[in-house]
Amino acid sequence: MKSLLSLLLIVLLNTNNAFAIILKGQETNGGDPYAAEFFNIWDRFTPLLPAYFSLPNGQGLDRNELQRVRSIVRISSEEKITLDGVEKGAVNRPHPTSPQIIISRSYWGRILLAQKQLIVLHEVLPLVGINDKDYANSNAIFQSLTEDKSPDERRGYISAIRTCEPDVISQLTQYRFEKIFKPNDRMDMLFLAVQSRCAEFLRRLTSWGYDFNVCYYSGSNTPLTKLFQNADSSISFVETLNALLEGGAKTQFQCPTEVADACISNSNSALPELMKAKVSSQLTCPLQ
């Protein structure tokens, strides 16, 4: 009987301990609100990063590697964390297969969102092999994501779209684009990309969910009609046309002041026959 009672007591104690752990949410990512907020911040900044971010110390942050670590990291929280007698917001334990981050609840609960964002970056970087002891790398990323840049950056991207430089365009995130360019300016960049036949930038806009069925201010131009004003058989024309169609541009879409001669006709005889067929099937005014 004593043995049975002892066994029952052990089972109850273990059950209570497990239940307490679940209630406190310190052992599972899903049950810990501090871990959930940490992940939320992580998930919000990752898509804003370029595929590769060059850092001040000469290293580079690979976005794919960051996403891989995100899938295996274990995040938990403790009431208070100190190192050498100094309270810390969080600590990380890098490991190739089981990385871990522990958050200080008392510290985390009294700081602002911007401070939390910086802590997330600082704790995540060592998990992908990047030294951030002095916060130089995490600060560089944080500033890139949150601060307005000088007019030089704006001019640089305008030049890259005008001359269609894929390497520069690939570094532009939606967050930075919408920080640098106001809504009307974004329209300008769309039509500049059409004018310069920059399919790379148009596909970037498509990936960000931009609509190509728009009119240029109060004029009669849609992106498609703008493109067809100078139609030819060049590869750049065909690529730009494809990028617009892939992005959902509709040839039957018309601006209020759009006129019939905006439709494709025999005046565009240089247009490849295959493209004529592809486009004419969607036209409200058929090819002649």
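The values are calculated or read from the model by the stated rules, or taken from the named source; none is laboratory data. The structure presented is a predicted model; accordingly, all values stated were derived computationally and were not measured. Virtual Cβ from ideal backbone geometry, glycine too; neighbours counted across all protein chains shown.
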Original post:
Considering Gly219, Gly247, which residue is at pLDDT 50 or above, farther than 19 Å from Ile161 by Cα and either in contact with a Gly (Cβ under 8 Å, 6 or more places away or on another chain) or in the same structural domain as Phe201 (by TED's automatic domain parsing) (or both)?
Top reply: Gly219
**OP:** Quick one: which residue in Ile130, Ile119, Ile141 is in the same structural domain as Glu65 (by TED's automatic domain parsing), closer than 24 Å to Pro94 by Cα, surrounded by 15 or more Cβ atoms within 10 Å (Cβ to Cβ) and within 18 Å of the chain's Cα centre (by Cα)?
**Re:** Ile141
Original post:
Say we look at the range 73-93 and pick out the residues that are within 28 Å of the chain's Cα centre (by Cα), surrounded by 15 or more Cβ atoms within 10 Å (Cβ to Cβ) and not hydrophobic (A, V, I, L, M, F, W, C); which of these is modelled with the lowest pLDDT?
Top reply: Gly89
Subject >> Enumeration of residues in the range 202-256 that are surrounded by 14 or more Cβ atoms within 10 Å (Cβ to Cβ), aliphatic (A, V, I, L, M), out of contact with any Phe, Trp or Tyr (no Cβ under 6 Å at 6 or more places or on another chain) and in a helix (DSSP H, G or I) >> reply: Leu202, Leu205, Leu224, Leu227, Val238, Leu241, Ala243, Leu245
**OP:** Go through the range 149-197 and give me each residue that's more than 21 Å from Phe212 (Cα to Cα), at pLDDT below 85 and among the hydroxyl-bearing types (Ser, Thr, Tyr).
**Re:** Ser150
Original post:
Are any residues in the range 93-116 farther than 13 Å from Phe38 by Cα and part of a strand (DSSP E or B), and if so, which ones?
Top reply: Arg93
Subject >> Residue list for the range 127-148, filter: of a type outside the set (S, T, N, Q), within 19 Å of Asn40 (Cα to Cα) and at pLDDT 85 or above >> reply: Leu127, Val128, Ile141, Phe142
Subject >> Failed item, numbered, when Tyr135 is tested on (1) buried (at least 18 other Cβ atoms within 10 Å of the Cβ); (2) within 22 Å of Thr82 (Cβ to Cβ); (3) among the aromatic types (Phe, Trp, Tyr) >> reply: (1)
